[in-house]
Amino acid sequence: MATDAPRAADSRLRSRPFDRVVGQRPLSYWLTLLGPWIGILVFGVFMLFMRDDWLTVVNMRNILIQASVFMVLAVGMTFVITGGGIDLSVGAMTGATALTVAWLVKFTALPDVLAIFAAFGVGILMGAINGLLVTRLKMPDFIATLATWITFGGVVLVVIEGHTLFRFSDTVRFLGRYRLFEQLPMAVVVAVIVGIIGHVLMTRSRFGRYTIAIGGNRKAAVEAGIPVERYKMFHYMFMGLLAGIAGVIMLGRLNAVHGLVGQGYEIHTIAAVIIGGTALYGGVPRIWGSIGGALLLGMMANALTFLGIHYFVQYVFSGIIIVLIVLIYSLLGYRQRPEG
Amino acid sequence: MASASPLLEMTAITKRFGGVRALDEVDFAIDPGEVVALVGENGAGKSTLIKVITGIHPPEGGSIRYRGKPVEVRSRRESQQLGIEVLYQELSLVGVMNAYQNVFLGKELTKRYLGFIELLDNERMRLEAERILLEQLGMDFRGRWEPIFLMSGGQQQAIALARAIYAEASLVILDEPMASLGVEEVERTIAIIQRLRESRVAVIVISHNLEHIFAVADRLVVLRRGRKVGDVPKDRITPEEAIALMVGRLEEKIVTPGTVPAPPREEPRRGDRRSESR
Ligand SMILES: Nc1ncnc2c1ncn2[C@@H]1O[C@H](COP(=O)(O)OP(=O)(O)OP(=O)(O)O)[C@@H](O)[C@H]1O
Ligand SMILES: [Mg+2]
């Protein structure tokens, strides 16, 4: 069968760099890869025609700052979902970490910087709780994080007792409000850094490769000697850390926390990830897609406010958009995974 | 290839499942670079024998030697450490990953940056995987970046075999490797097995297709209701005889004397084995 090799080679005489980029991937692969960016472009053009005061530096910056919290969360969620899980508690975790910082600086003598790091720690801890429920108690990811969503959210409500904590120091507000060179919001810088780190981890680290393997075929991952449970644990802890970062950004931006902060973030985050082209059933990550998805949703939220549509109606729109996107992807017949 | 001692030597292996004797005092041996077909009716004990070899089902009785040394294989990990790789019909590959990612899964090559950042060396893994696939398996995977679930069964099998080769397997076990393959793919798998033989890898093939078996195997081992009833070099048996052995029309045909080893002695050294080889 040695004659087989040259024959196969002849049929593929295209240049290697071309193959590397295009490969044998179907057109629909490219459509989902570019989907969120096409969406951003189309939506941007639409808004340009709707309102001529939309494309301003101030408004663009607002969109980016608003979206950056969800970019950070969506990167973490991409790992969780790609590894075959889901984290419904991100909104509650984001609120809880924001409250942690607020509470520590208001009621203890802890320096502001340490309060921020404490919030990251609390985020990781909450993520570890999720991870333990999933790996040790063998709870389905969906159920475990549904339970902690309610629990973490409940703890926040109990601690804050219906009050609002507000007015924080510049140190506390650094990630949420500081502007690099007076222009570039720190939150956006953080989101981009998180995106780059997420991308490198996903494509160039064992952590990323094993995440894909676990979500792609858990049995094969086990047989390849990958400690699946340990990596599941890492996913939730990583998500918790990013929720901590998102919480600190959010606190700095709003300059206040109340009991309902972070509510609905889980849906928003998951939506960003799905719009970004990550397979909901695991194994196929799209880190930049998640970033783009978060940006698109941020643009939409901003536009709806711009067009004077009520906040609650925005939820309806978000829902419709998600259904539409999923529909488009499936109509394209794009098979990301074996067995659809 | 009959001069050296067997790579794997199993003596009087017994395994029960409740009342069922899945294996009843089965002797089995294979040399490096030998291809042995394991045949028998459904429930004859083929898969059970494989699971004993791979440590999934430790046996109740009997002894196992690997490279002449007595071993106890109690887990898949232990058999892996010995150099035993198994390919089940549903291959243990990650469909959403591409070829080289599958070949190197769990054994990734890395590269250091700035002295402390260790990242995957995707380029080196890809080149190495393509080299193994081309040189050892005769399959050209250059420029194939797509996830392997879009590839054919034969191509996926080649990837699984490349995994085994990279792991430097000394014994590769194929459980029904050709069951779901087309004509051309079967030919290719047979060619791959022959290449493994050339590189002195021992291969055990389980198959129900006698045509494939006679095309690829050096020797046939026939199991019937947990007992070994046939152990014959391919050129000393006909397909009709093999079927007769499987269904019990022919009682027994054991031709290779060396497969029934002398009674085990105390801790033989590697060099001592010559005296009792066939
Ligand atoms: N885990 C198990 N528990 C109980 N009985 C088992 C188990 N595994 C196998 N057996 C029994 O042992 C006997 C041998 O089974 P085995 O799977 O080894 O057969 P086989 O030769 O591989 O058959 P097939 O060609 O159908 O794959 C059968 O009677 C089977 O029912
Ligand atoms: Mg079987």
Within segment B:65-76, identify whether any single residue is among the small types (Gly, Ala, Ser), away from every other protein chain (no Cβ under 14 Å), in a loop (DSSP other than H, G, I, E, B) and within 16 Å of ligand 2 (Cβ to nearest atom), and answer yes or no. no
Just give me the residues in segment B:95-115 being within 9 Å of chain A (Cβ to nearest Cβ), assigned to a loop (DSSP other than H, G, I, E, B) and over 21 Å from the mean Cα position of the chain (by Cα), in sequence order. B:Gly95, B:Val96, B:Met97, B:Asn98, B:Glu108
From B:Ala12, B:Ala29, B:Ala44, residue being within 16 Å of ligand 2 (Cβ to nearest atom) and away from every other protein chain (no Cβ under 14 Å): B:Ala44
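If I go through segment A:43-89 residue by residue, how many of them are among the β-branched types (Val, Ile, Thr) and touching a Phe, Trp or Tyr at 6+ places or on another chain (Cβ under 6 Å)? Step through it out loud before you land on a result.
First, the residues of segment A:43-89 that are among the β-branched types (Val, Ile, Thr): A:45, A:56-58, A:63, A:65, A:69, A:72, A:75, A:78, A:80-82, A:86.
Among the residues that remain, those that are also touching a Phe, Trp or Tyr at 6+ places or on another chain (Cβ under 6 Å) are: A:86.
Going through segment A:43-89 one residue at a time, the tally reaches 1.
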Residues B:Leu38, B:Leu23, B:Leu49: which one is within 11 Å of ligand 1 (Cβ to nearest atom), away from every other protein chain (no Cβ under 14 Å), in a strand (DSSP E or B) and under 27 Å from B:Arg200 (Cβ atoms)? B:Leu38
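Restricting to segment B:118-138, name every residue that is hydrophobic (A, V, I, L, M, F, W, C) and open to solvent by 60 Å² or more (accessible area, probe 1.4 Å).
Within segment B:118-138, the first condition is being hydrophobic (A, V, I, L, M, F, W, C), and the residues that meet it are B:119-120, B:125, B:127, B:129, B:132-134, B:137.
The answer is B:Leu127, and nothing else.
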Kindly indicate the residue of segment B:33-77 that is touching a strand residue (DSSP E or B) at 6+ places or on another chain (Cβ under 8 Å) and charged (D, E, K, R) and also most open to solvent (accessible area, probe 1.4 Å) among those meeting that condition. B:Glu72
Within segment B:116-136, is there a residue that is under 23 Å from the mean Cα position of the chain (by Cα) and within 16 Å of ligand 1 (Cβ to nearest atom)? no
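Name every residue in segment B:102-124 that is of a type in the set (Val, Ile, Thr) and in contact (Cβ under 8 Å) with a residue 24 or more places away in the chain, in order of residue number.
Within segment B:102-124, the first condition is being of a type in the set (Val, Ile, Thr), and the residues that meet it are B:103, B:110, B:117.
Residue satisfying the conditions is B:Val103 alone.
Please tell me if B:Ile148 is open to solvent by less than 30 Å² (accessible area, probe 1.4 Å) and away from ligand 1 (no atom under 16 Å from the Cβ). Explain how you work it out, then say what you get.
Numbers: open to solvent by less than 30 Å² (accessible area, probe 1.4 Å): yes; away from ligand 1 (no atom under 16 Å from the Cβ): yes.
Considered against the rule, which asks whether it is open to solvent by less than 30 Å² (accessible area, probe 1.4 Å) and away from ligand 1 (no atom under 16 Å from the Cβ), B:Ile148 comes out as yes.
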Verdict on A:Ala115 being hydrophobic (A, V, I, L, M, F, W, C), free of Cβ contacts under 8 Å to residues at least 60 places away in the same chain and not in a helix (DSSP H, G or I): no
Of the residues in segment A:60-84, those that are open to solvent by 10 Å² or more (accessible area, probe 1.4 Å) and under 14 Å from the mean Cα position of the chain (by Cα) come to A:Gln66, A:Phe70, A:Met71
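Could you tell me whether A:Ile287 is within 26 Å of B:Gly95 (Cα to Cα) and open to solvent by less than 60 Å² (accessible area, probe 1.4 Å)?
Details: within 26 Å of B:Gly95 (Cα to Cα): yes; open to solvent by less than 60 Å² (accessible area, probe 1.4 Å): yes.
Yes, satisfied.
Take the residues in segment B:52-64 that are within 16 Å of ligand 1 (Cβ to nearest atom) and part of a strand (DSSP E or B), then tell me which one is nearest to the other protein chains (Cβ to nearest Cβ).
Within segment B:52-64, the first condition is being within 16 Å of ligand 1 (Cβ to nearest atom), and the residues that meet it are B:52-62.
Checking the rest, the ones that are also part of a strand (DSSP E or B) come to B:61-62.
Values: B:Gly61: 28, B:Gly62: 26 Å.
It comes out as B:Gly62.
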Could you list, in sequence order, the residues of segment B:187-210 that are in a helix (DSSP H, G or I) and open to solvent by 10 Å² or more (accessible area, probe 1.4 Å)? B:Glu187, B:Arg188, B:Ile190, B:Ala191, B:Gln194, B:Arg195, B:Arg197, B:Glu198, B:Leu210
State whether the residues of segment A:303-326 include one that is closer than 24 Å to A:Gly76 by Cα, within 14 Å of chain B (Cβ to nearest Cβ) and out of contact with any Lys or Arg (no Cβ under 7 Å at 6 or more places or on another chain). no
Looking for something within 16 Å of ligand 2 (Cβ to nearest atom), surrounded by fewer than 22 Cβ atoms within 10 Å (Cβ to Cβ) and under 23 Å from B:Gly45 (Cα atoms) - is there at least one such residue anywhere in segment B:166-175? yes
Select the helices (runs of 4 or more DSSP H) contained entirely in segment A:156-248, then report the ones holding at least 3 residues which are open to solvent by less than 10 Å² (accessible area, probe 1.4 Å) and within 14 Å of another protein chain (Cβ to nearest Cβ). A:206-216
Among the numbered criteria (1) in a strand (DSSP E or B); (2) within 16 Å of ligand 2 (Cβ to nearest atom); (3) under 30 Å from A:Asn217 (Cβ atoms), which one does B:Glu85 miss? (2)
All-but-one check, B:Arg188 against (1) within 12 Å of chain A (Cβ to nearest Cβ); (2) out of contact with any helix residue (DSSP H, G or I) (no Cβ under 8 Å at 6 or more places or on another chain), failing number (2)
For A:Pro285, work out the one condition from (1) at pLDDT 90 or above; (2) in a helix (DSSP H, G or I); (3) in contact with a Gly (Cβ under 9 Å, 6 or more places away or on another chain); (4) not polar (S, T, N, Q) it doesn't fulfil. (2)
Residue identified as away from chain A (no Cβ under 14 Å) and aliphatic (A, V, I, L, M) among B:Ala179, B:Ala215: B:Ala179
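The values are calculated or read from the model by the stated rules, or taken from the named source; none is laboratory data. What you see is a predicted model; the values in this text were computed from it and never measured. Glycine gets a Cβ as well: all are built from the backbone with ideal geometry, and neighbour counts include every protein chain shown. Accessible surface is based on the protein model in full, side chains and every heavy atom, while ligands, DNA and RNA are left aside. Shrake-Rupley method; radii C 1.70, N 1.55, O 1.52, S 1.80 Å.
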